[in-house]
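Okay, structure first, notes after.
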Amino acid sequence: MSQRTLSPEIEERFEELEEEVERIDANTNGVFPKLSSLGDAIEQLESRFDDIEQRLDGVESNAEMAYALSARGPAETDGGQTKAGRARRLSRDEVIRATADGKSAGAKDFATGERSDAVGSVTVADVQDMAKPRTELKWKTVAKDAWPALVEEFPCFRIENPDDGSKRLTVNASEIPPELARVVERSLERDDIANRVVGDRGSGGA
């Protein structure tokens, strides 16, 4: 029985297919190094991204610390705090603290049963008492030096002169910036001030 042979056309086609397979193998072999190189590039980008994130965190921390230091008030040439600076810090911290602790601590609404928020405030006498015995503060130091400077720096504060009471410093609770709340948090060594005074403003809060 004679062995059957392929026709010239089939043999030619078969050779073409073999050549195509070889080309595919060659292309595939060339892809693997490219994929490996791409993987290395992705790892490098991820590493750089992590490094950038760390740097940004460091910048944010430094910025907040610088903000906190600047908010403490003017300092003497020897590095200490002036009396006006101390009055300013005491007033700032107490008004914000009282506002934070005054959430739902105000008058009760008899219709709904809910309590309003009690906004913090201090009088000159309050600040003078808080400064003792370490510092004796004059009325002018508090009312004329510290408070106007505080209002200028943080417009949320305001000075009131009620006809039937003492001059006092208070705040518009809805306008307290998160940065100020965080500064007071650090000053008082608490961790709930920012959430209490600005946390309910959603994404715009602390």
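The values are calculated or read from the model by the stated rules, or taken from the named source; none is laboratory data. Just so we're clear, the structure is a prediction, and the values are computed from it rather than from any experiment. Cβ placement follows ideal geometry from the backbone for every residue including glycine, while neighbour counts extend to all protein chains displayed. When the accessible area is computed, the model is the full protein with side chains, heavy atoms only, and any ligands, DNA or RNA have been set aside. Shrake-Rupley method; radii C 1.70, N 1.55, O 1.52, S 1.80 Å.
Can you name the residue in region 156-173 that is touching a helix residue (DSSP H, G or I) at 6+ places or on another chain (Cβ under 7 Å) and not in a strand (DSSP E or B) and is also modelled with the lowest pLDDT among such residues?
Taking region 156-173 as the starting set, the residues that turn out to be touching a helix residue (DSSP H, G or I) at 6+ places or on another chain (Cβ under 7 Å) are 156-159, 166-167, 169-171, 173.
Narrowing further to those that are not in a strand (DSSP E or B): 156, 166-167, 173.
Values: C156: 95, S166: 87, K167: 92, A173: 91.
Out of the qualifying residues, it is S166.
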Review point. Are there any pairs, at least 6 apart or on different chains, whose C-beta atoms fall under 7 Å, with the first in region 160-178 and closer than 19 Å to A87 by Cβ and the second open to solvent by 40 Å² or more (accessible area, probe 1.4 Å) and hydroxyl-bearing (S, T, Y), and if so, which?
Key: R168/S121; L169/S121; T170/S121
